[in-house]
Amino acid sequence: MDTLTTMPVGLVEVMVRRGDRMGAMLGEPTSSPGLFIVPDPGSDGVTWTGNFCVVHSASGHTAVRPTALAYAREVAEQLAESGVDWTRPLKELHTRDEAKDAYLRVMLALDAAEDTGTPLRWARLSWRQHPPLYRILGDRYYDDVVFRGWPELVDWLDQLVEDYWSPSPTPTARVVRDTNPAWQLVCAAPLCGHRRREPAAVHFTTEDGDEFEGITSERHELVEAAAYEGWRDVDGEHWMCPHCSAAHPKRTEWERC
Ligand SMILES: [Zn+2]
């Protein structure tokens, strides 16, 4: 029975080689049909280390040294994107230059990534530009409240009408459009929001503790909110959300040896 699948629909049984023995483990499918991710059983074979391996299922060999789950997923994704058919037997892959080149390229990327505690490659720039915002001016209560467009403004007014506790807007208040673009700060890691595929974004918090997605013409406000939420600024253009920062541990000197 062929239980291997190209779609990540669930864990599947994979045969993994440990020394001269083969044993079954549950593996996470990757976008390459021949590669799976399994937990690292450690050198004694009976103790989880907390790391993960990419396994070449046709041979049962681990293709990559044990590493953090995020790195293992990125390695598998890049090997899959190389166009090499990783379902082929190991002996055949060893004779193919494109397979060896792809493998070496990804291993070097993994080394560099682990040394800096960053992904193998960035998925996007963190600064996401939006059209200028609409802004309320001249209102006693709602001055500087902003909206991304008229529909959002109309929704807000509808809610305000039904909210008997909130004061009505000042009749002389105006809605103007900013001249500068608005900005959003999103996580640049490739697998952020793994299954839903929408990366994490910096949030603003109201005085009541309510959170909402931060979109503003003032980039420094996003920088301050990111610092408050524990985001990591890697180089000014690429930021990592707290989850992705923790998922990409930096290799220590000891581990590098
Ligand atoms: Zn992230």
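The values are calculated or read from the model by the stated rules, or taken from the named source; none is laboratory data. Small disclaimer: the values here were computed from a predicted structure and weren't measured. For neighbour counting, all protein chains shown are included, and Cβ atoms are generated from backbone atoms with ideal geometry for every residue, glycine included.
The table below lists the values:
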item	result
Close pairs from the stretch 44-65: first under 12 Å from Val14 (Cβ atoms), partner among the aromatic types (Phe, Trp, Tyr), Cβ under 7 Å, at least 6 apart	Val55/Phe36; His56/Trp86; Ser57/Phe36
Conditions (1) assigned to a helix (DSSP H, G or I); (2) buried (at least 22 other Cβ atoms within 10 Å of the Cβ); (3) in contact (Cβ under 8 Å) with a residue 60 or more places away in the chain; number of the one not met by Ala72	(3)
Filter result (loosely packed, with under 14 Cβ neighbours inside 10 Å and hydrophobic (A, V, I, L, M, F, W, C)) within the stretch 215-243	Ala227
Any hit, the stretch 21-28, residues being in contact with a strand residue (DSSP E or B) (Cβ under 6 Å, 6 or more places away or on another chain) and assigned to a loop (DSSP other than H, G, I, E, B)	no
Residue within the stretch 154-164 that is over 20 Å from Asp143 (Cβ atoms) and in contact with a strand residue (DSSP E or B) (Cβ under 9 Å, 6 or more places away or on another chain) present	no
Residue that is surrounded by the most Cβ atoms within 10 Å (Cβ to Cβ) [pool: residues in the stretch 170-198 that are at negative phi, at pLDDT below 95 and within 16 Å of the ligand (Cβ to nearest atom)]	Cys192
Which listed residue is part of a loop (DSSP other than H, G, I, E, B), within 28 Å of the chain's Cα centre (by Cα) and not charged (D, E, K, R), from Pro249, Pro169	Pro249
